[in-house]
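Shown next, in structure tokens, is the structure this report addresses.
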Amino acid sequence: MGRAEQAGLKSRSITRQAGLRLIFSLGLFVLLLGVSSYELYSIALQKSAHERTEDLASFYRGRLTQLDREWELQAGDFKNRLEFTRLLEDRKISATNLQAFMTVQGANRRFQHMLIQKRDGDKIFDFGRALDIEGISLPSGQENGWYRSGTGGKLYRVFVVPIWLGDSGNGRMAVLYEIDNALLFNLATPGITLTAMNGGSFIASSAGQSGLERDNRSTADDVEAKEIPWSPDDAGNTTLRIEAPIKVLFSTTELVVGAAAIPVVDGLILWFTLGFWLMGNSRRIKSLGSAVKEFAANNRPTAALEEQLSLACGRQMDEISEVACAIDDMAEQTHRLRFQSEALLRRNQTLMQNSMDGIHVLDIRGDIVEANDAFCRMLGYTPEEMASLNVADIDAQWTAEELQIRIKALIGKSAKFETVHRRKDGSLIDVEVSVNGMEIDGQCFLLASSHDITDRKHAEQMQRESERRKDEFLAMLAHELRNPLVPIRNAAHIIGQLGLDEPKIKWAQELIEGQVNHLARMVDDLLDVSRIAQGKIMLHREEVELSTLVDQLMQSVGQLAEDKGIRLVVRLPEQPVCLLGDPVRLSQVLFNLMDNAIKYTQEGGRIELVARMHGQEVEISVQDNGMGITAELLPQVFDLFQQDERTLERAKGGLGIGLTLVQRLVGLHGGRVEARSEGAGQGATFTVWLSAWEQPEHPAVPDNAGKNSPTAGMRVMVVDDDYAVSDSTAMLLELEGYTVCVADTGQSALEQIPVFRPQVVLLDIGMKDMDGFAIVKKLRELPEGRDLCVVAVTGYADEKTRSLALASGFSYFMVKPMSFDMLRDLLARKVGTVPDLV
């Protein structure tokens, strides 16, 4: 009812109304005392009787469960006895023997009937009272149920258990217990009548036939009745009816005292205590109401408010006094909080408007409820225009439906994400949005702060572009560095092939080859560090013996150590040690460790390579007695471009990437590496741990690959636009006995192939007039080139170029400068597995 409607009502004193009602209630109380006492007594008695009946029902539920469990155990026990005799496994044993067995059981057989069926339901044997039953069919997975005889109307509890029938496999044994008067009589407690019901029919009663006849009539008023299901899985079809007379549920003393005491005592206490108390409190409540009106009118503490609250409190400390004190406190706090909230509102508005980020508030529909000046400036809208927008109007990354889903998901949560806002002029800006979902007065809002990250995004794009250009530069650098290495290596090899005995010439040839190999390894290391950092390197794992890797290592570094007079000591386990890894990369790890040790060990020093097995791990240590590592440098020894004692003379040489590459390659293999040193001049030890691989037993297979002599006169075409590369390669091949044809353009190569009919083509990918991918595509279209062995030769050693080359039609892939031993092996075989990058 509104205030206008209340103003039209006639004012009445609550004190006067209370007095009149109390006088009238006295007479009414005397009149209704007798009726109410009897009704209260009846209600209380019925409720108590019902509660005690529920207790009885709980008792009999447990008793029925116990009975079912006993029957089920008896059925299982009898089944075990019958299986033990193995009478059912022999088809020749007659039913007479089974009947004799059943008779002998005596007291152990408590059921009234038994039925044995095959799996398909055919009856094999039955025993007990004559029943019109051929089989028991229960739902799949159900082990007990009910059976009601069609002739006598008797009810049986059925338990079905699997039983072994020998050759017939598993069958089913059904045991039936009759629900009769004697059973219920044994279950019932004194004074309680139990009746079994099935499908609405009375089956048996603890009171015998008289109990069944009485159960067909309605229950008397002084008897409490309760029906419970016989078992939880019966769904109420078979129930047990419990009848308990009230005189059995209560003693005579309880009935008499309850009937006499309740109405008299309650009535007298109600009258002599409530009347006077109610009249006094009516006056206090009236004062309390006046105080509330005063507070509502002024919304602040006043003298009139204090007076009315004092009258309401009186001289008592009860709920009315507490309400009066609460109103007084509320008036004070409301006045104080109102002042604080106004100050806080002004401060928050100032902070919001002066924030550098765009702050805005969204409702549950995504409408912009409020936005600060920074947000309006960010998007180019006026405050009035912004108030009419929805978040879908300014967000360019998600649809309106997606935004609604995100808004609902953020209610009551906090989140930070990046998105794209659309300005009024249509331009886009990248922003980072921080959102807090909250509920205010039952309404959901999102407080969002948008930070312009356009500059950061631009910087990230520039960084990605810089990384891309760096990769392209490194790849081009490697290609351009490898190209001049090819003729240098070829020239050195040609000098060796000429068989000149002059010591100085032989020394120069070995020096050139060694330096070419060293420069090629430096280029490979530089590119590998870049590829590992970007996750672009792939391992080609296979089984490899540690001894094989060490033998190759000694061949590579033996001359370096000998030149400095360094003694190399190798200690390997007696048993072969196998690793599962990329043999090229593992060789790279060992070479870099050994090269580092040689570099920092003085002439006449000693380096040990020791391998030990620790369970499933292999520990490989490279220890030297050289310059050692200072304590300051040791934590950064694996950092990129880190060298000890870097000077203008660069006495130790190198790029400072070898140990970085070791750490990252070992990490790719799932291992770890550690550096130890006692300090400057104390030597250093680098230890690598790798997982061992259990070597399967294979029969030894002789490896004749690469040892075949080249076919005399094999025709090889060299296609390269760098004359130094093509001419030196051709000369080297001719010294080996091959017939060589040189082409310096892709077109000339395609024209000479039908005439020269080569068996192998060495094709440079980076041709100027036509790249190698286009050449091999056209070559494969020629009849002579369809099955031709074409080897891609390039300075680009990355996995992407290798995969693209093989997919474009190349047969093999080799990296400049080529290892002539591998090239000789390839030409000798002309078929086989694709060699790894050289």
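Please treat every number below as a calculation from the coordinates, not as lab data. Please read all numbers here as calculations on a predicted model, not as lab measurements. Note: ideal-geometry Cβ built from the backbone for every residue, glycine included; neighbour counts use all protein chains shown.
Key figures
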| quantity | calculated |
| --- | --- |
| Net dipole in debye of region 355-452 [+1 Lys, Arg Cβ; -1 Asp, Glu Cβ; about Cα centre; nearest 20] | 200 debye |
| Region 715-829: translational diffusion in µm²/s, Stokes-Einstein, Kirkwood Rh over Cα pairs, 10 °C, 1.306 mPa s | 114 µm²/s |
| Net charge, Ile359 excluded, C-beta distance under 10 Å - Lys, Arg +1, Asp, Glu -1 | -3 |
| Charge context of Glu402, other residues only, Cβ under 13 angstrom, K/R +1, D/E -1 | 0 |
| For region 715-829: relative contact order, % (alpha-carbon pairs under 8 angstrom, 6 or more apart) | 22 percent |
| Per DSSP, loop trypsin sites (Lys or Arg not before Pro) in region 743-791 with at most 12 further Cβ within 10 Å | Lys768, Arg786 |
| Low-density loop positions, GluC sites (Glu not before Pro), region 575-635 - DSSP coil, at most 11 other Cβ in 10 Å | Glu603, Glu632 |
| Leading residue at positive end of dipole, region 355-452 (Cβ point charges), from Tyr381, Gly437, Ser449 | Gly437 |
| Dipole of region 715-829, positive direction: furthest Cα of Ala792, Met818, Thr739, with charges on the beta-carbon | Ala792 |
